[in-house]
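Reviewing the structure listed below.
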Amino acid sequence: MLDDLGSTSWHNRHYGPFARLNELLTEAGVARPSIMIVGPGGVSRWLAPLLNNSAADSSFVRKTIGDLARYSDQVLRRFPFVPLISLEPLEVRETMLMPHDLTVVDRSARLLEAVRRDIPEAITHVVDLGLDAPPARADVVIAFNIVSRLDDRAADGIQHLLTVLRSGGWLLIDDRSARAHLANHPRVTQVAPKTHRVDAAN
């Protein structure tokens, strides 16, 4: 049976928001933030070196190779015997310059095994965001391209994310989900591209 596994598709897809988050945390004086990544997805470890990298300039040929690898990975990563790598947790760890505690949440136990292999200190939880809130709190929650895939459970998913955030916390989320669920939220303010902050009174 194939694994219904999501993916970030290529390297450093969200480098800009992660770098800006590091600046915001530094400016706010957060000494050791707790950072939670929800639904980071994964790619096959075999094809990962061939995927495109948004942080690097690439030729047309290199981009074409990266695109072909991404399309191939959409099938390959679903086979249970294929080893995985989750890009977002590794990129967050590399981008955050201050000490931090990392929690990764996904509905795939197989994906979380890959996270623990690469980042042994990470705390992991198997959770379906549309059904439950993660059993932890965080200063930062990162949830790109997750809520928009929950269909009729999307509103519940947003509420679960906000429940997880500590007062004054930051939520990094894709624009589609933000427009649909945060545009008129009384306690959420966009502070940077794809980055929102919850009112400290929340």
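Any chance the stretch 181-188 includes a residue that's buried (at least 16 other Cβ atoms within 10 Å of the Cβ) and assigned to a loop (DSSP other than H, G, I, E, B)? Looking for residues that are buried (at least 16 other Cβ atoms within 10 Å of the Cβ) and assigned to a loop (DSSP other than H, G, I, E, B), one finds at least one in the stretch 181-188, hence yes.
When the stretch 149-170 is filtered for residues that are more than 15 Å from the chain's Cα centre (by Cα) and among the small types (G, A, S), the ones remaining, listed by number, are A154, A155, S167, G168, G169. Kindly indicate whether L131 is buried (at least 16 other Cβ atoms within 10 Å of the Cβ) and either without any contact (Cβ under 8 Å) to a residue 60 or more places away in the chain or under 15 Å from the mean Cα position of the chain (by Cα) (or both). It is false that L131 is buried (at least 16 other Cβ atoms within 10 Å of the Cβ) and either without any contact (Cβ under 8 Å) to a residue 60 or more places away in the chain or under 15 Å from the mean Cα position of the chain (by Cα) (or both). The listed residues are D151, D199, D175, and the only one of them that is closer than 22 Å to L21 by Cα, without any contact (Cβ under 8 Å) to a residue 24 or more places away in the chain and of a type in the set (D, E, K, R) turns out to be D175. Do we find that I85 is touching a Gly at 6+ places or on another chain (Cβ under 8 Å) and more than 28 Å from V198 (Cα to Cα) in this structure? So I85 passes the test.
Of the residues A69, A55, A28, which is surrounded by fewer than 14 Cβ atoms within 10 Å (Cβ to Cβ) and either out of contact with any helix residue (DSSP H, G or I) (no Cβ under 9 Å at 6 or more places or on another chain) or free of Cβ contacts under 8 Å to residues at least 24 places away in the same chain (or both)?
Details: A69 fails: surrounded by fewer than 14 Cβ atoms within 10 Å (Cβ to Cβ); A55 fails: either out of contact with any helix residue (DSSP H, G or I) (no Cβ under 9 Å at 6 or more places or on another chain) or free of Cβ contacts under 8 Å to residues at least 24 places away in the same chain (or both).
Exactly one of A69, A55, A28 is surrounded by fewer than 14 Cβ atoms within 10 Å (Cβ to Cβ) and either out of contact with any helix residue (DSSP H, G or I) (no Cβ under 9 Å at 6 or more places or on another chain) or free of Cβ contacts under 8 Å to residues at least 24 places away in the same chain (or both), namely A28.
All told, L161 meets the bar of being touching a residue at least 60 places away in the same chain (Cβ under 8 Å) and hydrophobic (A, V, I, L, M, F, W, C).
The single condition among (1) closer than 22 Å to I119 by Cα; (2) at pLDDT 95 or above; (3) out of contact with any Asp or Glu (no Cβ under 6 Å at 6 or more places or on another chain) that V43 does not meet is (3). Only residues that are surrounded by fewer than 19 Cβ atoms within 10 Å (Cβ to Cβ) and touching a Leu at 6+ places or on another chain (Cβ under 7 Å) were counted in the stretch 96-107, giving 1.
Looking at the stretch 92-111 only, could you name the residues that are free of Cβ contacts under 8 Å to residues at least 60 places away in the same chain, within 21 Å of H11 (Cβ to Cβ) and over 13 Å from the mean Cα position of the chain (by Cα)? Within the stretch 92-111, just E94 meets the criteria.
The set of residues from the stretch 134-171 being surrounded by fewer than 20 Cβ atoms within 10 Å (Cβ to Cβ), in a loop (DSSP other than H, G, I, E, B) and of a type in the set (V, I, T) is empty.
Of all residues in the stretch 81-123, those being of a type outside the set (S, T, Y) and either part of a helix (DSSP H, G or I) or touching a Cys at 6+ places or on another chain (Cβ under 7 Å) (or both) number 18. Would you point out the residue of the stretch 156-202, among those that are touching a strand residue (DSSP E or B) at 6+ places or on another chain (Cβ under 6 Å) and among the hydroxyl-bearing types (S, T, Y), that is nearest to V105 (Cα to Cα)? Among them, the one singled out is T195.
Restricting attention to the stretch 166-189, the residues being of a type in the set (A, V, I, L, M, F, W, C) and farther than 12 Å from A143 by Cα number 4.
The values are calculated or read from the model by the stated rules, or taken from the named source; none is laboratory data. Not measured: the values here are computed from a predicted model. A quick note on method: Cβ atoms are made from the backbone with ideal geometry, for glycine too, and the neighbour counts reach across all protein chains shown.
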